[in-house]
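The structure appears below as structure tokens.
The values are calculated or read from the model by the stated rules, or taken from the named source; none is laboratory data. Since the structure is predicted, the reported quantities are computational estimates derived from the model, not experimental observations. Positions of Cβ are backbone-derived with ideal geometry, glycine not excepted, and every protein chain shown enters the neighbour counts. When the accessible area is computed, the model is the full protein with side chains, heavy atoms only, and any ligands, DNA or RNA have been set aside. Shrake-Rupley method; radii C 1.70, N 1.55, O 1.52, S 1.80 Å.
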Amino acid sequence: MVISIDCETTTLSEVTLVTVRLDNDTPVDRDVRLRNCLGGPVMPPRTDGVPEAGWDDDGFETVVPANTTLAVGYASPAPERDPPVVVASDERATEESDANAATPDAVVRRLGRATPPRDAVPPAAVEFSEAPEIPASDEPSRPDVSSVGVDCEPEAIRASRPVAPLADDEQDAEERPRPTPPDRPLPDSVETWLTTVQTRLDYAERLTEPSVSAATEVLADVGGLEEVDGLQASVDADAEQLRTVAERAVALADRAAETDVALAELERLA
Amino acid sequence: MILAVTGGKGGVGKSTVAYNLGAALGAVVVDADLGMADLPTSPGSDLHDVLAGRADPLEAVRSMGADEGSSSFGVLPCGRSLAGARAADVTALATVLEQVEREFGAVVVDCPAGMRADAGVPLAVADCAVLVASPRPFALADAVRTRALARELDTALVGVVVNRVVDELSTETVETVAETLGAPVTTIPADPRVAVSIAEHSPLVDAAASSRAAEGITQLAAAVRSYQSR
């Protein structure tokens, strides 16, 4: 074997991070294949959700140029093991390389996805198109109560389901003071976030020391006990985030109040 | 055969060309503009559902031209919602287009504007492409960029459509465009019947077969067929 390999592992939150250094001291390019030896799946580095070129379920294949050192890394949810990765093959590189082939994955890596940002998607996904597939009331609505802005695809899928307006027909909803919309509308993304937080908070409030009937009602609204799992943690995280935002907003507002753009002087100078 | 109708710039008439060319070829027109779809949809699953793994591609194809004497072709429409666009995985488009091609033969993909992966993936999957440009210099610059992308992705260019031409182009201009983009040029004159062809479900080859616009589409379809039979 011509190539020399040097590995390091670190464990963070039960995930093993593997760093590999490949040294090619020879004057020729080497085609190297690495095999993962950890007892779990390979979690490769990704661009826009697509694994970087060369990665597959077993490991990584790449060309290490002549007299060059190449560093790569991956993660695995398996415990550390020595060695975490081995060189499965090491051959003189041939001219052919399909890394730049026009596969959809390669295109996504090179051009980037054009997916709309998460903030642009209404959380309750009120369909503004003709939306013919949405049943009127047969399917129970299941609002998302536990996620805290984690960016994942199932989220978007779930968001596409219709959600009933919260507690519109309930008496206690009237007793609870609800924030009135401000005179100046907030930016859409902020409004969306606050509405999501408010929805979660409403459920959490209704589940704070609830009567059996009230609890049953809420659980029926959100779609079962498993939907409430993690609600408290989400609401706690919301509280922390809201305080951070409030502090920053006040500081920025103070700074904004102190500014006075000297337009007249600038115009005179121009 | 999978044909990509592309063009870089938005609003140059890619969708109308794709729709009318699809009708002329008897193909399935796939609306791959995941963010801003144009082709008409109807109740049922669409490309968003297919790319999110929630629907079968073949079931999402609508048959068009059921009337006697009208062209028979298909449309695979795309959803309009942002949530749907977010859930759709553009990398799944390759297998979807190939599956539709296996079942129906010819596929015409209406590509989105821009240079991101949603425009690049259909181009990479396609066997050949038609480039649509408007007759203005700035739109031509975008067409040149898309031409470069197609070349990089090894997609052959069958033809260039200079769309919505009001004043007849000089032979010199047509030659310059053909030389710059490296493919024969078809001009399609501005014709209100082209614009309404999608909304009224009446492809030009049926509604105005003798118009100069329909002639352009037929000429383009012939070029595509001759490329296919090569």
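Once you sort the root eigenvalues of the Cα gyration tensor of the stretch A:4-111 as a ≥ b ≥ c, which label holds: rounded (a/c under 1.5), prolate (a/b larger than b/c) or oblate (the other case)? Oblate, since a/c reaches 1.5 and b/c is not below a/b. Spacing of the modelled spin labels on B:D127 and A:I5, each 7 Å from Cα toward Cβ, amounts to 4.3 nm. For the stretch A:7-105, applying the loop criterion from DSSP together with a ceiling of 16 other beta carbons within 10 Å to the chymotrypsin sites (Phe, Trp or Tyr not before Pro) yields no site. When the charge dipole of chain B is built from unit charges on Cβ atoms (+1 for Lys and Arg, -1 for Asp and Glu) and taken about the Cα centre, the candidate among B:V28, B:V61, B:L169 whose Cα reaches farthest toward its positive end is B:L169. Of the residues B:P77, B:V185, B:S229, the one whose Cα sits farthest toward the positive end of the charge dipole of chain B, with +1 on the Cβ of Lys and Arg and -1 on the Cβ of Asp and Glu, is B:V185. Most simply put, the protein assembly as shown has about 60% antiparallel DSSP beta bridges, counting only bridges with both residues inside it. The modelled label-to-label distance for the pair A:A101/A:V86, using points 7 Å beyond Cα in the direction of Cβ, is 2.8 nm. Averaging Cα coordinates gives a centre for the stretch A:36-62 and one for the stretch B:16-94; these two points are 33 Å apart. Dipole magnitude for the stretch B:104-185: about 240 debye, using +1 per Lys or Arg Cβ and -1 per Asp or Glu Cβ, origin at the Cα centre.
Each Lys and Arg Cβ is given +1 and each Asp and Glu Cβ -1; about its Cα centre, the stretch A:1-105 then shows a dipole of about 240 debye.
Normalising the Debye intensity of the protein assembly as shown to I(0), with uniform scatterers on Cα atoms only, and taking log10 at q = 0.08, 0.09, 0.11 Å⁻¹ returns -0.72, -0.87, -1.09. Accessible area per residue was computed with a 1.4 Å probe on protein heavy atoms; A:D202 scores about 10 Å². Each 10 Å bin from zero holds the following percent of Cα-Cα pairs in chain B: 9, 37, 38, 15, 2, 0.
The Cβ shell under 11 Å around A:V235 holds other residues with a net charge of -4, Lys and Arg each +1, Asp and Glu each -1. Adding -39500 (n - 2.57) for every DSSP H run of four residues or longer, then dividing by how many residues the protein assembly as shown holds, sets the calculated 222 nm ellipticity at -11000 deg cm²/dmol.
A Cβ-based charge dipole, computed about the Cα centre of the stretch B:1-90 with Lys and Arg at +1 and Asp and Glu at -1, lands at about 320 debye.
Sparse packing (at most 15 other Cβ atoms within 10 Å of the Cβ) combined with a DSSP loop state is found for none of the trypsin sites (Lys or Arg not before Pro) in the stretch A:9-40.
Distant-in-sequence amide contacts of B:V161, defined by a placed amide H-H separation under 5 Å and a gap of 5 or more residues or a different chain, comprise B:L131, B:V132, B:A133, B:T186. Shown here for the stretch A:6-108: GluC sites (Glu not before Pro) in loop regions (DSSP other than H, G, I, E, B) with at most 16 other Cβ atoms within 10 Å, namely A:E14, A:E52, A:E80, A:E95, A:E96. Between B:R193 and B:S229, the simple label model (points 7 Å from Cα in the Cβ direction) yields a spacing of 2.7 nm. Here chain B is scanned for GluC sites (Glu not before Pro) in DSSP loops (not H, G, I, E, B) that have at most 15 other Cβ atoms within 10 Å, and the longest stretch holding none of them is B:69-167.
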